[in-house]
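Novice: Quick one: structure below, then a few questions.
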Amino acid sequence: MAFTDKETGEILETLESHFWKYRRPSMAMREQMREGQRIDDESIVLFFERPLAMKPGKWISHEFAKIDFDREKESWTIFWQRANGDWHSYIAVPETETLSEALRAVHEDKFDCFF
């Protein structure tokens, strides 16, 4: 089941207060990099975007973290993306009880998987 509008609003607030305010590119970097998230079904994908060198005005996304919500277990599972595009469970903190805990694990990045 997809997130409700209320849940999506809460997710966006949590992303801002527990992650993006620490990881957002500086204003000086805004022309070179920007942050974003995609919320699909019960997943949140975090990414940075940068302009393509050969195509001015076009941006390319680099997804670095995916966080899935399991409604039955009421837990969040963290994934990181390999260079080949495959998602892998983040073994340092594979599962958390809250989204803010999952975002903290991504921010801390103990195994250098995300940044």
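Novice: For a Förster distance of 25 Å, can you work out the FRET efficiency between the beta-carbons of Asp40 and Phe115, rounded to the nearest 0.05?
Specialist: 0.65
Novice: Can I ask one more? With +1 on each Lys and Arg Cβ and -1 on each Asp and Glu Cβ, how big is the dipole of the chain about its Cα centre, in debye rounded to the nearest 20?
Specialist: Around 780 debye, computed over the chain.
Novice: Within the accessible area of the chain, what % is carbon and sulfur when the probe is 1.4 Å and the other protein chains stay in place?
Specialist: Roughly 50 percent of what the probe reaches on the chain is carbon or sulfur.
Novice: Now for a different question. On C-alpha positions alone, give me the angle between the axis of helix 5-15 and the longest principal axis of the chain, in degrees, nearest 10.
Specialist: 60
Novice: Here are a few candidate values for semi-axes √(5λ) of the Cα gyration tensor in Å: (1) 24, 16, 14; (2) 42, 30, 7; (3) 22, 16, 13. Which one was actually calculated from the structure I just gave you?
Specialist: Among (1) 24, 16, 14; (2) 42, 30, 7; (3) 22, 16, 13, the one derived from this structure is (1).
Novice: While we're here: Can you give the angle from 0 to 90° between the axis of helix 99-108 and the longest principal axis of the chain, with both taken from C-alpha atoms, to the nearest 10?
Specialist: Orientation of helix 99-108: about 50 degrees from the principal axis.
Novice: If you count only protein heavy atoms with a 1.4 Å probe, what accessible area per residue comes out for the chain, rounded to a whole Å²?
Specialist: 64
Novice: Using amide H atoms built in the peptide plane, which far-off residues or other-chain residues are under 5 Å from Tyr90 H to H?
Specialist: Hits under the 5 Å cutoff: Ile78, Phe79, Trp80.
Novice: Further question: Can you tell me the FRET efficiency between Thr8 and Gln32 if r is taken as the Cβ-Cβ distance and R0 is 35 Å, rounded to the nearest 0.05?
Specialist: Efficiency computed from Cβ-Cβ geometry: 0.75.
Novice: Of Val45, Thr96, Ser75, which is farthest along the charge dipole of the chain in the positive direction, counting Lys and Arg as +1 and Asp and Glu as -1 at C-beta?
Specialist: Projecting each Cα onto the dipole axis, the largest value belongs to Val45.
The values are calculated or read from the model by the stated rules, or taken from the named source; none is laboratory data. In this text, all values refer to a predicted model and were calculated from it rather than measured experimentally. Every residue, glycine as well, gets a Cβ built from its backbone with ideal geometry; the counts of neighbours run over all protein chains shown. Ligands, DNA and RNA are stripped out before the accessible areas are found, and what is left, the full protein with its side chains, is counted by its heavy atoms. Shrake-Rupley method; radii C 1.70, N 1.55, O 1.52, S 1.80 Å.
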